[in-house]
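> Before we start, here is the structure in question, set down as structure tokens.
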Amino acid sequence: MDTERAFYIGRFQPYHMGHHTVIGALSSEVDELIIGVGSAQRSHTVDDPFTAGERVMMISKALSEFSIPFYVIPIEDVEYNSLWTAHVRARVPTFSVVYSNNPLVGRLFEEAGIEVRALPMFRRDVYSGTEIRKRMLEGDSWEELVPACVAKLIHEIDGVGRIRRLAQTDTSMP
Ligand code: ATP
Ligand code: MG
């Protein structure tokens, strides 16, 4: 039988336990995974603090927990939705199925003739990039919402210091 290779995309700002739970379930359903790191060009803002390279590291470390072959590939935005699936397919290995709950992602791949499967959401109130970044800014605990190896990496790169600095304005400087 052919290898079933699946595509999953997110911004992963940061990679959290919601992503990790979904990917853990996927790894027993398909043979290989391709993780697209979306908005790859963005970093160093409050909403997109981490670079594509940092996000590749988070995902690669976390996925080594699962015994599934995977590729982690940064994908820059193209402000041209009708061309986006071609842009993705030019950058990643071939795949036969897309897992996504994002309506735009689902619709674009369906129109391109690719099977799209939906996924369950896990504790979306707290397993959420927006919630984690808010906690980092406000000094609340966030570590339990990401895999331990991701928390370690964010500490190593002083991710919390970065996000707090980025939230300042020049008028808050002495
Ligand atoms: P942000 O709040 O910054 O948008 P996010 O938590 O939505 O972050 P993304 O990187 O935008 O994370 O999401 C990538 C994919 O993961 C999306 O399709 C999203 O629906 C899915 N996802 C996000 N949180 C969860 C969760 N708790 N359980 C399952 N899937 C999730
Ligand atoms: Mg999101």
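> How do Tyr8, Tyr80, Tyr71 rank when sorted from fewest to most other Cβ atoms within 10 Å of their own Cβ?
Sorted ascending by nearby Cβ count, the order is Tyr80, Tyr71, Tyr8.
> Ok, one more. Under 17 Å from a label point 7 Å along Cα→Cβ of His87: give me every residue in the stretch 107-138 with its amide N that close.
107-112
> Sorted from fewest to most neighbouring beta carbons within 10 Å, what does the list Phe50, Phe70, Phe109 look like?
Exposure proxy ranking, most exposed first: Phe70, Phe109, Phe50.
> Residues with amide H under 5 Å of Tyr71's amide H, sequence separation 5 or more or different chain, H placed in the peptide plane at 1.01 Å from N; which?
Leu33, Ile34, Ile35
> Just want to confirm a number: the relative contact order over the chain, from Cα pairs under 8 angstrom separated by 6+ residues, in percent.
Details: 257 pairs, mean separation 48.3, N = 174.
Across the chain, relative contact order equals 28 percent.
> If you rank Ser82, Ser60 by fewest surrounding Cβ atoms within 10 Å, what's the result?
Ascending Cβ contact count within 10 Å gives the list Ser82, Ser60.
> Sticking with this structure for a sec: Quick check on the stretch 5-167: what are the equivalent-ellipsoid semi-axes from the Cα gyration tensor, as sqrt(5λ), descending, whole Å?
26, 18, 14
> Once every DSSP H run of n ≥ 4 in the chain is given -39500 (n - 2.57) and the sum is divided by its residues, what mean residue ellipticity at 222 nm do you get, rounded to the nearest 500 deg cm²/dmol?
Theoretical 222 nm ellipticity from helices: -10500 deg cm²/dmol.
> Related question: Between the stretch 75-97 and the stretch 1-24, how many Å separate their Cα centres?
Cα centres, the stretch 75-97 to the stretch 1-24: 16 Å.
Since every read-out is calculated from the coordinates, none of them should be taken as a lab result. Note that the structure is a prediction, hence the values are computed from the model and not measured. Note that each Cβ is placed from the backbone with ideal geometry, even for glycine, and that neighbours are counted across all protein chains shown.
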